[in-house]
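To start, the structure under review is shown below, and the notes come after it.
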Amino acid sequence: MTARDIVLWPDPRLKTVCNPVVQVDAATRVLVSDMLETMYAAPGRGLAAPQVGALVRIFVMDVDWKEGARAPVVCINPEIESESDDVATRGEGCLSIPGITLEISRPAAVTLSWTDLDGARRSDVFTGFAAACVQHELDHLNGIVTFDHLSPQGRADMEAEYAEVTQ
């Protein structure tokens, strides 16, 4: 396992729709292992492949590890099957946009299907912070960052703040 450099905004890879993973193979396992190492070292709770420069549809997450044991979830070719009508708004940070937390409104619960590292298709319902994390990481696979959830003026203001933070 090797921690990789995290791609920072405005790198164009963060605006790219990622390609599906065709086969879960040794290269996929190495990438996932490195992603987990990178996420824990950051320290973050989720990380998508484009955030380490790999333009494939994979994300990893572990929403509770900071409060307890590690329980990583590896999602390959994830898809949201359904989402709740209820919406939750919470502060979201992003490892690719360090120093910025934005209030983002998202469905409070989602049903996600994905392929795991064994090549099996899985499905589960995520609620609360886990639902927000799933949606945040899936956004990355679709070339969407948190700034994209803001109004044009809000985005301009936050990008200016980010520019100040990163100088």
Residue check for E159: at pLDDT below 95, surrounded by 13 or more Cβ atoms within 10 Å (Cβ to Cβ) and not hydroxyl-bearing (S, T, Y): yes
If I ask for residues that are closer than 14 Å to A132 by Cβ and part of a strand (DSSP E or B), which ones from segment 58-72 would you list? F59, M61
For residues in segment 16-41 being of a type outside the set (A, V, I, L, M, F, W, C) and loosely packed, with under 14 Cβ neighbours inside 10 Å, which is nearest to A54 (Cα to Cα)? N19
Verdict on E81 being closer than 19 Å to T115 by Cα, touching a residue at least 40 places away in the same chain (Cβ under 8 Å) and acidic (D, E): yes
Spot the failing condition for S123; the list is (1) hydroxyl-bearing (S, T, Y); (2) part of a loop (DSSP other than H, G, I, E, B); (3) over 16 Å from the mean Cα position of the chain (by Cα), and only one is missed. (2)
Just for segment 117-139: of the residues that are touching a residue at least 60 places away in the same chain (Cβ under 8 Å) and within 14 Å of G91 (Cβ to Cβ), which one is surrounded by the most Cβ atoms within 10 Å (Cβ to Cβ)? H136
Residues satisfying the stated conditions in segment 140-156, i.e. in contact with a helix residue (DSSP H, G or I) (Cβ under 9 Å, 6 or more places away or on another chain) and either in a strand (DSSP E or B) or touching a residue at least 40 places away in the same chain (Cβ under 8 Å) (or both): H140, L141, G143, V145, T146, F147, H149, L150
If you go through segment 69-80 one residue at a time, do you hit one that is of a type in the set (A, V, I, L, M), buried (at least 19 other Cβ atoms within 10 Å of the Cβ) and within 26 Å of E164 (Cβ to Cβ)? no
Result of the Cβ filter at 8 Å on segment 35-57, keeping first residues that are touching a residue at least 24 places away in the same chain (Cβ under 8 Å) and part of a strand (DSSP E or B) and partners that are aromatic (F, W, Y) and surrounded by 22 or more Cβ atoms within 10 Å (Cβ to Cβ), at least 6 apart or interchain, is G46/F59; L47/F59; A48/F59
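The values are calculated or read from the model by the stated rules, or taken from the named source; none is laboratory data. Being a predicted model, the structure only gives us computed values, none of them experimental. Don't worry about glycine lacking a Cβ; one is built from the backbone with ideal geometry, like all the others, and counts go over all protein chains shown.
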